[in-house]
Amino acid sequence: MPSSRHPRSPRQASLFPLDDLIDASEPRTAAEPSPRAGEDMSSAAARLLRIREIVAEPAAAVSPRGRQILARFPQARVTEVDSHWRIPHLHGNEGNVERWVRVKTETLILGVRRTLATRPNGRSADWIAPGASNGCAMACAYCYVPRRKGYANPVTVFTDIDRILAHLERHVAGQGRKPAPNQCDPTAWVYDIGENGDCSVDALISDNTADLIRAFRSWPTAKASFATKFVNRDLLRLDPRGRTRVRFSVMPQEDARLLDVRTSPVPERIAAAADFVEAGYEVHFNLSPVVLRPGWEAAWAELLRQLDDVLPAAVKAQAAAEVILLTHNRALHEINLGWHPRAEELLWRPEIQEAKRSQNGDDNVRYRTGLKGAAVGRLRELIAAHAPWLTVRYAF
């Protein structure tokens, strides 16, 4: 699986940390976007999102949610487009690869969902809900969302949240009560509401996440679920009443420093779990992605011991985990070589990976079958040894 599209150069090798991508006169955003001691969430949002351009479909801009977002970023230049999927100066501009983080920081897209569909899942959730966003302001090097979006992956907010909520209400009502427990949940139908974005970051931009959490707390047979790498303490005020599951994604901090760009530090995600449980959320953990590299077993053992040491009994009593080994992608590999080649030294390992054609037609790569199975087994052993209270809901 060789690649030569973006040959290494001294300039590229210096891109991490990402200081080169941010003007020296501007606040830095590559380190810790969540609040520091004494800092409110608005300050954290200002460091993560400095929106200078809003690209909007006309119907999205004039909608109530669109007007709310435009009011939150009054300094932004607004550009009208026919489709949030076809924006030539973003998705069609290969030069944006070198501005990968800057585009995420400065650009926001407003669109309207053309279709609403709830798809069966059966792994992390029973159902994948139509998302209220696509893309993310963070820049995790392994993220699957940019694989089909061209050369830029800023947040797209869908402003027709009322249509999404009405669709979900009909779907939940149509399911009735869950007939039997499964790995997703013993009693509730679980809906993943953040498949293609991070709901904690979305909540900095609009009330879409808050509206979803409030809706699910009134549906006694269903539960919302989303994974996050950003600690947004504003969510603690939403009173989810046990009907929203937050899945904090964690990995060894030494891996996260290289791969989880612009996210909350892993220790902060772990420390936040107790506050979210106290606020009425169910809190699970995504051990994801598991990146196989020299020393990975010792690094994950240390992380599991940290979970065991830090988390109080109330969190442990309701916690469960998903274990997901890395799946990578050829197109994303090419993009990463243009802005963060050091990450690819961990992610792109042809000697231990094999091709995998995904259901949507992407050319992905995953760890070879025998190696992957052995790694999953080993991680289960580490969990049993260092965090035996942590139930593994599924692993792949």
Jot down the radius of gyration and Dmax of the range 49-189, Cα atoms only, both in angstrom. 17.3, 52
What whole-number distance in Å separates the alpha-carbon centres of the range 164-202 and the range 66-88? 29
Viscosity 0.692 mPa s, temperature 37 °C: what is the translational diffusion coefficient of the range 146-214 from Stokes-Einstein with a Kirkwood Rh over Cα pairs, rounded to a whole number of µm²/s? 230
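Could you tell me what percent of the DSSP beta bridges with both partners in the chain are antiparallel, to the nearest 5?
Values: 14 of 51 bridges.
Antiparallel bridges: around 25 percent, rounded to the nearest 5.
Using the C-alpha gyration tensor of the range 278-396, what are the square roots of 5 times its eigenvalues, in whole angstrom, with the largest one first?
Values for the range 278-396, descending: 29, 16, 14 Å.
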For the range 290-306, in order, what is each residue's ³J(HN,Hα) by Karplus, 6.51 cos²θ - 1.76 cosθ + 1.60 with θ = phi - 60°, in whole Hz (x at glycine and Pro)? 7, 9, 7, 8, x, x, 5, 5, 5, 5, 6, 4, 5, 5, 5, 5, 5
Calc'd 3J(HN,Hα), the range 237-244, phi into Karplus 6.51 cos²θ - 1.76 cosθ + 1.60 (θ = phi - 60°), Hz, glycine/Pro = x, comes to 8, 8, 6, x, 6, x, 9, 10
Vicinal HN-Hα couplings computed from phi for the range 317-332 (Karplus, 6.51 cos²θ - 1.76 cosθ + 1.60; Hz; Gly/Pro x): 5, 10, 7, 8, 9, 10, 10, 10, 6, 4, 10, 10, 8, 4, 5, 5
So, in the range 10-395, how many Lys pairs have Cα atoms under 27 Å apart, if the pair is 8 or more places apart or on different chains? 11
Over the range 10-395, what relative contact order in percent results from Cα pairs under 8 Å that are six or more residues apart? 15
Mean-square fluctuation check for the chain, GNM, Cα pairs under 10 Å: which of Ala273, Ala59, Ala141 is largest? Ala59
Residue-count net charge about Leu165 - beta-carbon cut-off 15 Å; Lys, Arg +1, Asp, Glu -1: +1
What whole-number distance in Å separates the alpha-carbon centres of the range 242-303 and the range 308-364? 13
Most fluctuating residue of Cys136, Cys184, Cys199 in a GNM of the chain with Cα springs under 10 Å: which is it? Cys184
Enumerate the amide H contacts of Trp189 below 5 Å, restricted to partners 5 or more residues apart or on another chain; note that Pro and chain-start residues carry no placed amide H. Lys178, Ala222, Lys223
Under 10 Å, Cα contacts only: if you run a Gaussian network model on the chain, which one of Pro265, Pro186, Pro252 comes out with the highest mean-square fluctuation? Pro186
Looking only at Cα atoms, what is the convex hull volume of the range 192-337 per residue, in Å³? 120
So, over other residues within a Cβ distance under 14 Å of Glu80, counting Lys, Arg +1 and Asp, Glu -1, the net charge is -1
Out of residues 5 or more away from Arg247 or on other chains, whose amide H comes under 5 Å of its own, with H placed 1.01 Å from N in the peptide plane? Phe226, Ala227, Thr228, His284
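A short reminder: the numbers here are calculations on the coordinates, not readings from a lab. As the structure is a prediction and not an experimental result, all values here were calculated from the model. Counting neighbours? That spans all protein chains shown, and the Cβs are built from the backbone with ideal geometry, glycine included.
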